[in-house]
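Structure record follows, encoded as structure tokens.
The values are calculated or read from the model by the stated rules, or taken from the named source; none is laboratory data. Since the structure is predicted, the reported quantities are computational estimates derived from the model, not experimental observations. Glycine gets a Cβ as well: all are built from the backbone with ideal geometry, and neighbour counts include every protein chain shown.
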Amino acid sequence: LKRKDASVGFYNVKNMAAVDPDEYVVLDEFQDALEDQPEANKRDLEISIEDTRHAVNLFFNNQFDEAVAYMEPKYHLSIVQYYMRFFFILCTIFRANESMYHSLGFATLSFIKAVMTCDEKDVNKAVGLTKIASSVCEKFRKPNNLTDRLVNLSISADENNYTQEQLHAELCYAEALLERALLTFVQDENLMNFIKGAVRSRTCYMSYKKCVQYLVSHFWTDENIRSHYESGVKLGYGTFNLLVSALPQRVLRLLEFAGFSGDRVYALNALKSAAFMHHTLRWPLSALVLLVWNLIVVYCLGTGESDLELSKTLIRTLLMHFPKSSLVLFFAGRYAEIHGNFTKTEELLQKSIDQQSTMRGFHHICFWELMFCNSFQQNWKQAFKYADLLYMENHWSRSSYAYFCASLLIAQNTSDCNANVEENREKILQYMKQVPLLKVKLSGKSLPLEKFCVTKSAQFFNHNFLFIPIYELIYFYGGFSCLANNEIAMKAVLEDIENVSADDYCLYLFMKAMCLKHLQSPFQAEQCLMEVISRKVDLKVNTYLLSNAYLEIALLHYESGNVESVKNYLTKAKECKNYLVESRTHFRIHSLEMRLKNPS
């Protein structure tokens, strides 16, 4: 007997007695179990992919615990032999070999959770699971004997010697290694830490290169399995190329020496292609990577070169498939925020929070955006509420959260006539005292953001004053790009800056320049930035202002088409050394250099 529906291959022992005999057809002759093994392997691969796809759908539908439970290692029952038509099925029950897709799916769900929450426990758990997943996938890869290694030196092995299961194993192996490398950067945005993770993952990069070749040259017997493989290759190799392309030039040269390369145009096209393969397992993950890139990364670590039309299309498509997904609603809120529609942003982020209660860590990401969104509108009390919730509940960087709380209270005392100044002042002192005490080290190094906050806290105690520090934080996280699309909010910020007595004159000039730039007054903005540069000898604490002033002038000249001047100011920006949040500035410098190379 052979089952008509080959898409169901795992059985629960309780349901075995209820098997419908109409689901089976008679084979003309008995087939030996060993002779049918390739077909069984193919069927198991299809089933494991569909199981993983089901778990991904659960995850996007806010059923986080159910998704993880569904992918956890479990006992399966498999029918080895069918005999005795309609009445008797002889089967062997065994514990299945660990499935590469179940193992990778389990690790991937933990990886997404770790990236969303940045919680140390979640990150460490995800690192452990990616290690296990890579070990499981290793068992299914084509044996890497001496002959294979010699052949692979020229990467000219006969791809048709690989089974479809071995090809998917190679892909899953590379994916597990990539996730592990990315987690090193989640733990610490320090560039050297990322380099170490990337160099350790050279095997991952080479595996993806092989997968790209196999996609083209392998003779595929099943188009469905091939399409899942294709979307996986485009997701993984595209993400790898995108990340490498984002690294500053000085780092990129080291990675290129180690054999890496990063083609951003290829990466974005590959991810876009995978995101529209809606019949495959990895399409929503590809869409997720593109949304993270276009709505977050290019604003925090780039210069705002976002494909907002693509983001809009992806969000609409995802909402059609997952209308109540808290994850998708978050990106919809972020999209509205970038467009300066802050009321819509708050509505969508609150809706995202209301959709689920099992993953509190994801609420914290919404709190982060709500904190900034309310800051853009100078709703200081509400912004402080979300900052304080992060300080109390989230342990990624309590030092930074304490500084955020203090900064928002300073803003409230400065511009809100109804503020309880004395009470706020006491709270400001308490939070500022906590900033250096709560600083943590990862891999022996402090977070760059925490270094900044500790330095500014010391400046506060030395001078008993900081010049509206929340606007510095807004600048570092690309917030002025959001304010640029809301003229009323931007003018309110400029008015706020003008009305404060500026002991730190250079910081005042820099913040004023950012407002003028986004209010379409580039000439006046450049004048302010040039004055900052002329006063560089006065920069004792805010040393980052010099390099960022050069960078901002380069951006102004880029908009006017003065390419040579852009290159000149970028060179000056790169010559600045040993200042606060230097890595973040170098990311932005490289982003502008990439725009010069690939104008669009």
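The set of residues from region 418-445 being surrounded by fewer than 18 Cβ atoms within 10 Å (Cβ to Cβ), free of Cβ contacts under 8 Å to residues at least 60 places away in the same chain and within 28 Å of K121 (Cα to Cα) comprises Q430, K433, P436, L437, V440, K441, G444.
Condition first: touching a Leu at 6+ places or on another chain (Cβ under 8 Å) and either modelled with pLDDT of 85 or more or over 24 Å from D44 (Cβ atoms) (or both). Can you find one or more residues in region 140-152 that meet it? Lay out the reasoning, then the answer.
Going residue by residue through region 140-152, those that are touching a Leu at 6+ places or on another chain (Cβ under 8 Å) are none.
No, region 140-152 contains no residue that is touching a Leu at 6+ places or on another chain (Cβ under 8 Å) and either modelled with pLDDT of 85 or more or over 24 Å from D44 (Cβ atoms) (or both).
A492 fulfils the conditions (1) under 25 Å from I410 (Cβ atoms); (2) under 30 Å from the mean Cα position of the chain (by Cα) except for a single criterion, (2). No other residue among M71, M116, M84, M100 is modelled with pLDDT under 90 and buried (at least 22 other Cβ atoms within 10 Å of the Cβ) apart from M71.
Taking the condition within 29 Å of the chain's Cα centre (by Cα), at pLDDT below 95 and within 21 Å of V265 (Cβ to Cβ), does E559 pass?
Values: within 29 Å of the chain's Cα centre (by Cα): yes; at pLDDT below 95: yes; within 21 Å of V265 (Cβ to Cβ): no.
For E559, the condition - within 29 Å of the chain's Cα centre (by Cα), at pLDDT below 95 and within 21 Å of V265 (Cβ to Cβ) - is not met.
In the list C528, C515, which residue meets the criterion of being touching a residue at least 24 places away in the same chain (Cβ under 8 Å), closer than 22 Å to L473 by Cα and in a helix (DSSP H, G or I)?
Working: C528 fails: touching a residue at least 24 places away in the same chain (Cβ under 8 Å).
Unique residue meeting the criteria: C515.
Exactly one residue out of V297, V289 is of a type outside the set (S, T, Y) and over 27 Å from L45 (Cα atoms): that is V297. Pairs please, first residue from region 103-121 and under 26 Å from E138 (Cα atoms), second anywhere and of a type in the set (K, R), Cβ atoms under 6 Å, 6+ apart in sequence or on different chains. Listed pairs, sorted by first residue: S110/K125. Counting only helices (runs of 4 or more DSSP H) that fall entirely inside region 157-233 and contain at least 3 residues that are at pLDDT below 80 and surrounded by 15 or more Cβ atoms within 10 Å (Cβ to Cβ), the qualifying elements are 164-187, 191-200. The criterion of at least 3 residues that are without any contact (Cβ under 8 Å) to a residue 40 or more places away in the chain is met, among helices (runs of 4 or more DSSP H) falling completely within region 465-508, by 487-499.
Does region 384-398 include one or more residues that are of a type in the set (S, T, N, Q), buried (at least 17 other Cβ atoms within 10 Å of the Cβ) and more than 23 Å from F476 (Cα to Cα)? Checked region 384-398: no residue is of a type in the set (S, T, N, Q), buried (at least 17 other Cβ atoms within 10 Å of the Cβ) and more than 23 Å from F476 (Cα to Cα).
The set of residues in region 567-578 being in a helix (DSSP H, G or I) and either touching a Ser or Thr at 6+ places or on another chain (Cβ under 9 Å) or farther than 17 Å from A525 by Cβ (or both) consists of K567, N568, L570, T571, K572, A573, K574, E575.
Select from region 360-383 the residues that are of a type in the set (D, E, K, R) and surrounded by fewer than 20 Cβ atoms within 10 Å (Cβ to Cβ) and write down the one among them that is farthest from the chain's Cα centre (by Cα).
First, the residues of region 360-383 that are of a type in the set (D, E, K, R): 360, 369, 381.
Narrowing further to those that are surrounded by fewer than 20 Cβ atoms within 10 Å (Cβ to Cβ): 360, 381.
Working: R360: 18, K381: 30 Å.
Residue satisfying both the conditions and the ranking: K381.
Would it be correct to say that A549 is within 24 Å of I410 (Cα to Cα), out of contact with any strand residue (DSSP E or B) (no Cβ under 7 Å at 6 or more places or on another chain) and assigned to a helix (DSSP H, G or I)? It is false that A549 is within 24 Å of I410 (Cα to Cα), out of contact with any strand residue (DSSP E or B) (no Cβ under 7 Å at 6 or more places or on another chain) and assigned to a helix (DSSP H, G or I).
Which members of region 510-536 meet the condition of being of a type in the set (G, A, S) and surrounded by fewer than 16 Cβ atoms within 10 Å (Cβ to Cβ)? Spell out the reasoning first.
We begin by selecting, within region 510-536, every residue of a type in the set (G, A, S); these are 513, 521, 525, 534.
S521, S534, listed by residue number.
Taking (1) under 19 Å from P469 (Cα atoms); (2) part of a helix (DSSP H, G or I) in turn, N542 satisfies each apart from (2).
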